[in-house]
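Worksheet: one structure, shown below.
The values are calculated or read from the model by the stated rules, or taken from the named source; none is laboratory data. If you're wondering where the values come from, they're calculated on a predicted model, not measured in any experiment. Positions of Cβ are generated from backbone atoms using ideal geometry, with glycine treated the same way; all protein chains shown enter the neighbour counts.
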Amino acid sequence: MLKTEHITKTFGSFQALQDVSLEVNEGEIFGFIGPNGSGKSTTIRILLGVLQATSGRAEIFGKDVWKDAVEIHKHLAYVPGDVHLWPNLTGGEVIDLFARLRGHKKPVDKDKWLERFDLDPTKKCRTYSKGNRQKVALVSAFTSQADLFILDEPTSGLDPLMERVFQESIRELSREGKSVLLSSHILSEVEKLCDRVAIIREGAIIETGSLEELRHLTRTQLLVEAKQPVTGLEAWAHELEETDGGLRIQVDTEQLDEVVRHLAGFGITKLESAPPTLEDLFMHHYERRGGGAS
Amino acid sequence: MKEQASRHTLELLRFYLRLDRIRLGIWLVALTFFTVIVPPAFLGLYESDQERQLMAETMENPAMTAMVGTGALDDYTIGAMTAHQMLLMTAVVAGVMIILLVTRHTRTDEEDGRTELIRALPVGRRAGVQAALLYTIITAVLLALFTGFGLYALQIDTLDFEGSLLYGAALGGTVLVFGGVTAAAAQLADTGRGTIGLSITVLLGAYVFRGVTDVTNETLSWLSPLGWVSKTDAYSSNAWLPILVMIAAALALAVAAGILQERRDLGGGLLPHRAGKANAASYLAHPAALVFRLQRTALITWGVGMFVLGVSYGSVLGDMEAFIEGNEMMAAVLDPTSDLSMTEQYLPMLIVVMSMMAAIPPIIAINRMRGEEQKGRLDPILARPVSRETVFGSYAGYAVLNMLLMLTVVGSGLFAAAAASMDDAFPFTMIWQAVLAYGAATALLLGLSLFLQGFFPRLLPLVWGYLLYSFVVVYLGSLFQFPEWVMNLSPFAHVPDYPVEEMAFLPILLLSGLALLLGGAGWAGFRKRDLEG
Ligand SMILES: Nc1ncnc2c1ncn2[C@@H]1O[C@H](COP(=O)(O)OP(=O)(O)OP(=O)(O)O)[C@@H](O)[C@H]1O
Ligand SMILES: [Mg+2]
């Protein structure tokens, strides 16, 4: 469905992307996360064919994103994080215009989506708030019948209620077999929605995989209480913290088995384990910046 | 592949036309209206051949040529008069029109991210630029037809069919050329403001260059797009070659814009950007310093432009001196009893035009305040413990300094070039005083801008109309013999024409006082009104 191979992009002497390879499969919701300025939007704009990659290949629907942009865009919908519209047009007019430029006579189910997102289409764009402008772009995308949705922080201006509507809508899309590339800073949103995730940092993809796979690569948090004082954990534990009556430690998920065996000798009275949240994962990768592997 | 890149060009064109139907309509109607009211007025004022010929003779001097261009002065019919006096100026205004319109649909849309939304749709890569160029063509054709047939419809003897069409075609051709210039500039600059700045620089550069070459060596005027306008010689020899040159130039610019557009990334420009400083200098903490910093580039660019303008007009003075010495007729027109040199008697006319041009940058400086307000960039400044009064005052103070600087620079340019080219040069203080006196008139425009910004910000563009009005009455005043009050509505009419007239301080004080009053009222209004955003 969507595939990039070894994309690099330089702006003058600044290397914004290096060797970015991604693959989004049909029917998949793919999360794309990374710190500010890491290259998410740049990657997306290459996929949209508005920036030209310095090297590497990028394809959508098996077609080249730069050369066949027009063909690809017939079946693609895009929502940016910061939506600017024509101040003198109403939201409804913009949605109709976009549908027409897509080659449709009318947006499909426009009223239904306007209602779902609680958007008044008769107001001039100049008077919309940021969130409402974003809703215009979202409604336009959802009424487009596209097969692939590329969303760059699509919810950065939405309130929690609308955020939920958005999440439901995305799930519906995926049930219909559509694919979604979702870049977001709202990690809980990505965690709830996405089948697979890529983490990008300083222009390079540092991790890709399902959340399960990614969790495997990181640490699990354990809370241990035992009859005897627990010792000898230093070999495994990353962060060791005494709580009243117990210990809180983080261990590499790969070594969980060894750790539990070791703990068994101390007479465990309580053992809680929590999988890392995406946020932990993110922090884990983010904090490695500069310090090498920690 | 080719079709792909152009897909939906026509759809976008229709969209632009729909967005602009009122704006474009007003421009076209206004330009046509001001074109067709002139010949009947001339007909009323200059009935006999003698009167017209006398007018031609007062027109025949380097200062006038620099301002309005060359014309058929030896057979000064109503038609020749219209083409000589009006065509070039109308062409400049038509150029400004298309620069503003094309920028709206190219770089401004791109800067604001609207182009990205469009390009994410199945719309060809080149469709946007092509639609803007087609829009230019439609505007050009409409303007040419409206003005051409409008003039012919007056049924004045010397406004024949071919001449009228050519007159219209010269305006349309100017629209084509500057539409092309803007489309290309939109690829080079990476902001809407930069695109307008670059294109207007080309337009004013073409005007000033033509002014100098029309006086010194008319053949060289072929190098200026505005030179082509006068070279059509409409209603006299009717030369169509310049129209072909305009079309060719527009085509070349359009192709260049298309190629540049396809080669570059969306959002990027082709002009280099230097890396800025990471830390703000501590003086930036004060809003006045911030205002200055944000407009520094504009200040320098306009300063250079004003100096060039002063030099250009100053260089004409040398020709003027030589011309007057060899022309007895001129000596009769100018007051022979005056103890001023003849060149001095022409000085005020150049100075008033220069001072009107020098009013443009300070007015822009005040418009920036509204621009910042609309983009929501005043909010974070005002959210800090900075009062609205301080922000408003900073912009106002900066505008006044800007004005004084521009007047000084333009006067220095005039002085330098005059000193170099004349046998009998002017003292600097004389020029400087003459120029600065017009600061009072500009100050009134600034006061009015501040007043509108304080109370009715949406009416701020009216100030441009007022400046244009002032220009038109000065430019055409003697020609049309407007009633006194029409002239007096312009603040520039009240400034003494030093050194021809005595320096009178009363009108200067009155103008400045009124300016202060308006500005103060605006200041009070700005404290109370809602910010736009
Ligand atoms: N036109 C450009 N010229 C120069 N540098 C650019 C350009 N566009 C982006 N960059 C740089 O490329 C890097 C990646 O930017 P990008 O917008 O892709 O980040 P991002 O991951 O989307 O960040 P955010 O989360 O803040 O949206 C940044 O360092 C940015 O400064
Ligand atoms: Mg981004």
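Being surrounded by fewer than 16 Cβ atoms within 10 Å (Cβ to Cβ), touching a residue at least 24 places away in the same chain (Cβ under 8 Å) and not basic (Lys, Arg) is a property that does not hold for residue B:62.
Answer yes or no as to whether residue A:176 is within 14 Å of chain B (Cβ to nearest Cβ), charged (D, E, K, R) and either surrounded by fewer than 21 Cβ atoms within 10 Å (Cβ to Cβ) or within 14 Å of ligand 1 (Cβ to nearest atom) (or both). For residue A:176, the condition - within 14 Å of chain B (Cβ to nearest Cβ), charged (D, E, K, R) and either surrounded by fewer than 21 Cβ atoms within 10 Å (Cβ to Cβ) or within 14 Å of ligand 1 (Cβ to nearest atom) (or both) - is not met. Looking at the structure I just gave you, is residue A:165 hydrophobic (A, V, I, L, M, F, W, C), surrounded by 23 or more Cβ atoms within 10 Å (Cβ to Cβ) and more than 16 Å from ligand 2 (Cβ to nearest atom)? The answer is no for residue A:165. The set of residues in the range A:1-48 that are away from ligand 2 (no atom under 13 Å from the Cβ), more than 30 Å from residue A:172 (Cβ to Cβ) and out of contact with any helix residue (DSSP H, G or I) (no Cβ under 7 Å at 6 or more places or on another chain) comprises A:5, A:6, A:8, A:10, A:11, A:12, A:13, A:14, A:15, A:18, A:19.
Regarding residue A:51, is this residue within 12 Å of chain B (Cβ to nearest Cβ), away from ligand 2 (no atom under 16 Å from the Cβ) and either surrounded by fewer than 24 Cβ atoms within 10 Å (Cβ to Cβ) or of a type outside the set (D, E, K, R) (or both)?
Criteria not met by residue A:51.
Take the conditions (1) more than 21 Å from residue A:209 (Cβ to Cβ); (2) touching a strand residue (DSSP E or B) at 6+ places or on another chain (Cβ under 9 Å); (3) part of a helix (DSSP H, G or I); residue A:262 misses just one of them, which is (2). Pairs meeting the criteria (first residue in the range A:196-214 and among the hydrophobic types (A, V, I, L, M, F, W, C), second residue assigned to a helix (DSSP H, G or I), beta carbons under 6 Å, at least 6 apart or on different chains) are A:199/A:285; A:206/A:285; A:214/A:281.
Scanning the range B:224-246 for residues that are over 22 Å from residue B:74 (Cα atoms) and hydroxyl-bearing (Ser, Thr, Tyr) gives a single hit, B:224. Identification of helices (runs of 4 or more DSSP H) wholly contained in the range B:375-479 with 3 or more residues that are polar (S, T, N, Q) yields B:388-421, B:439-455. Here is a check on your reading of the model: is residue A:150 in contact with a helix residue (DSSP H, G or I) (Cβ under 8 Å, 6 or more places away or on another chain), touching a residue at least 40 places away in the same chain (Cβ under 8 Å) and within 20 Å of residue A:94 (Cα to Cα)? For residue A:150, the condition - in contact with a helix residue (DSSP H, G or I) (Cβ under 8 Å, 6 or more places away or on another chain), touching a residue at least 40 places away in the same chain (Cβ under 8 Å) and within 20 Å of residue A:94 (Cα to Cα) - is met.
If you go through the range A:36-50 and pick out every residue that is touching a strand residue (DSSP E or B) at 6+ places or on another chain (Cβ under 9 Å) and near ligand 1 (Cβ under 7 Å from one of its atoms), you end up with 7. Counting only helices (runs of 4 or more DSSP H) that sit wholly inside the range B:1-59, those with at least 1 residues that are more than 25 Å from the chain's Cα centre (by Cα) and within 14 Å of chain A (Cβ to nearest Cβ) are B:2-6, B:9-19. If you go through the range A:218-255 and keep only what is in contact with a strand residue (DSSP E or B) (Cβ under 7 Å, 6 or more places away or on another chain) and of a type in the set (A, V, I, L, M, F, W, C), you end up with A:222, A:223, A:224, A:226, A:230, A:233, A:236, A:237, A:240, A:247, A:249, A:251.
Among the residues of the range B:227-255, which ones are outside any helix (DSSP H, G or I) and among the β-branched types (Val, Ile, Thr)? Of everything in the range B:227-255, just one residue is outside any helix (DSSP H, G or I) and among the β-branched types (Val, Ile, Thr), namely B:232. With a requirement of 3 or more residues that are within 16 Å of ligand 2 (Cβ to nearest atom) and within 14 Å of the chain's Cα centre (by Cα), the strands (runs of 3 or more DSSP E) lying completely within the range A:177-253 that satisfy it span A:179-183, A:196-201. For beta carbons closer than 9 Å, sequence separation of 6+ or different chains, a first residue in the range B:437-449 that is in contact (Cβ under 8 Å) with a residue 40 or more places away in the chain and a second that is in a loop (DSSP other than H, G, I, E, B) and β-branched (Val, Ile, Thr), the qualifying pairs are B:437/B:495; B:438/B:495; B:439/B:495; B:440/B:495; B:441/B:495. The set of residues in the range B:20-33 that are within 18 Å of residue B:461 (Cβ to Cβ) and surrounded by 16 or more Cβ atoms within 10 Å (Cβ to Cβ) comprises B:20, B:24, B:27, B:28, B:31. Where residues in the range A:54-82 are touching a strand residue (DSSP E or B) at 6+ places or on another chain (Cβ under 8 Å) and of a type in the set (A, V, I, L, M), which of them is farthest from the other protein chains (Cβ to nearest Cβ)? Applying the filter and picking the extreme gives A:58. Scanning the range B:116-149 for residues that are part of a helix (DSSP H, G or I), β-branched (Val, Ile, Thr) and at the interface with another protein chain (Cβ under 9 Å from one of its Cβ atoms) gives a single hit, B:118.
Residues are listed down the side, and each one gets a yes or a no for (1) within 14 Å of chain B (Cβ to nearest Cβ); (2) buried (at least 20 other Cβ atoms within 10 Å of the Cβ):
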| residue | (1), (2) |
| --- | --- |
| A:84 | yes, no |
| A:101 | yes, yes |
| A:113 | no, yes |
| A:122 | no, no |
| A:144 | yes, yes |
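Quick check: is even one residue across the range A:64-78 within 16 Å of ligand 2 (Cβ to nearest atom), under 30 Å from residue A:132 (Cβ atoms) and crowded, with 16+ Cβ neighbours inside 10 Å? Yes, that holds for at least one residue.
Comparison of A:181, A:138 shows that the only residue that is within 16 Å of ligand 1 (Cβ to nearest atom), surrounded by 15 or more Cβ atoms within 10 Å (Cβ to Cβ), at pLDDT 95 or above and within 14 Å of chain B (Cβ to nearest Cβ) is A:181.
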